[in-house]
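The values are calculated or read from the model by the stated rules, or taken from the named source; none is laboratory data. None of these values were measured; they are calculated from a predicted model. So basically every Cβ, Gly included, is an ideal-geometry build from the backbone, and we count neighbours across all protein chains shown.
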Amino acid sequence: MRVVFMGTPDFAVPTLEALIEKHEVVGVVTQPDKRKGRGKAMAFSPVKEKALEHEIPVYQPVKVREEAFVQILRELDPEVIVVAAFGQILPESILNMPKYGCINVHASLLPKYRGAAPIQWSVIDGEKETGVTIMYMEKGLDTGDMIEHVVVPIDAKETGESLHDKLAVAGGPLLLDVLAKLENGTAVRTPQNDADSCYAKMLTKDLGKIDWNKDAVSIERLIRGLNSWPSAYTAFHDKTLKIWDADVEEGSSDAQPGTVVKVTPDALYVQTGKNLLKLNEVQIQGKKRMPVKAFLLGHKVEIGTLLGQDNENNR
């Protein structure tokens, strides 16, 4: 099948690789190069790097709806357009172009978790499972008819990063199965029930600021869901302290939420709105991630230390 692939980040790469093995990928569309790092050097997207590795033509329109780019797509004459975490909304001029339509590889069990960050929110919300859904694209945001899905369990210590990697790998085989069904006419369209949907809003750095008044379970999920970006954080004296790993501990004290109530050689126990949070791995501003045991070698933390004072200028 003649395929045009649209995608940008790491999540889309395994899907592109699966397509390359089984189909004719006549073009790859990805977001324009961006400057990254301290040197501000131009960086290719992961999808662009993979396409160039296989000598596939790459297109990087600032806006896909521009007529000049739409004409390029017409000339490529794809039978299907596959989209995976591309980053732009497709106009009807593109949606209606391919013989088999435009299909999207979405990282949730639709109709739940439509939107920009379904992977992370499924962890933050405490879901037991998620998955990948292949769907037809239409004008709405992730509202098109579903074709197939695969379920992926969410482990007790799952992070946003580890779940991202699982779902990225799951998308490729599912897509190949769907494309085969499209070709032989056996693909089934299942409309989504809008009443079952929720919006997985885009992640921001502010989202990671820990509210110690919340219960320990919710905070621990936030820490895992925002690992590795943007990360959960609190204030420790005059610096930002990122929390990378923690466990919920049953029990409580009369201390104000955010107060360190127990210090052991390898852990800090913090009072929350309900139960304690045992901090296992942290990162003080300007340093690398480290076990709390190593952190305590360089920082004196006393019982009664209050975390979470506003520290907006030191993230």
Inset, instruction - Kindly state which helices (runs of 4 or more DSSP H) lie completely within region 7-98 and contain at least 2 residues that are closer than 18 Å to residue 179 by Cβ and out of contact with any Ser or Thr (no Cβ under 7 Å at 6 or more places or on another chain). - result: 13-22
Inset, instruction - Give the residues of region 187-231 that are touching a residue at least 24 places away in the same chain (Cβ under 8 Å) and of a type in the set (Val, Ile, Thr), sorted by residue number. - result: 188, 190, 204, 210, 217, 219
Inset, instruction - Determine whether residue 41 is of a type in the set (Gly, Ala, Ser), in the same structural domain as residue 140 (by TED's automatic domain parsing) and on the phi > 0 side of the Ramachandran plot. - result: no
Inset, instruction - Could you pull out the residue among 293, 288 that is surrounded by fewer than 16 Cβ atoms within 10 Å (Cβ to Cβ), under 24 Å from residue 157 (Cβ atoms) and in contact with an Asp or Glu (Cβ under 9 Å, 6 or more places away or on another chain)? - result: 293
Inset, instruction - Grab the strands (runs of 3 or more DSSP E) fully contained in region 241-315, keeping just those with 2 or more residues being closer than 18 Å to residue 217 by Cβ, hydrophobic (A, V, I, L, M, F, W, C) and within 31 Å of the chain's Cα centre (by Cα). - result: 267-271, 276-284
Legend entry - Pairs, first assigned by TED's automatic domain parsing to the domain that holds residue 190 in region 140-164, second hydroxyl-bearing (Ser, Thr, Tyr) and part of a helix (DSSP H, G or I), C-beta under 8 Å, six or more apart: 154/122; 155/162; 163/122
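Conditions (1) surrounded by 13 or more Cβ atoms within 10 Å (Cβ to Cβ); (2) at pLDDT below 95; (3) of a type in the set (D, E, K, R); (4) in contact with a Ser or Thr (Cβ under 9 Å, 6 or more places away or on another chain), marked per residue:
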| site | (1), (2), (3), (4) |
| --- | --- |
| 174 | yes, no, no, yes |
| 177 | yes, no, yes, no |
| 182 | yes, no, no, no |
| 185 | no, no, no, no |
| 192 | yes, no, no, yes |
| 198 | yes, yes, no, no |
| 207 | yes, no, no, no |
| 213 | yes, no, no, yes |
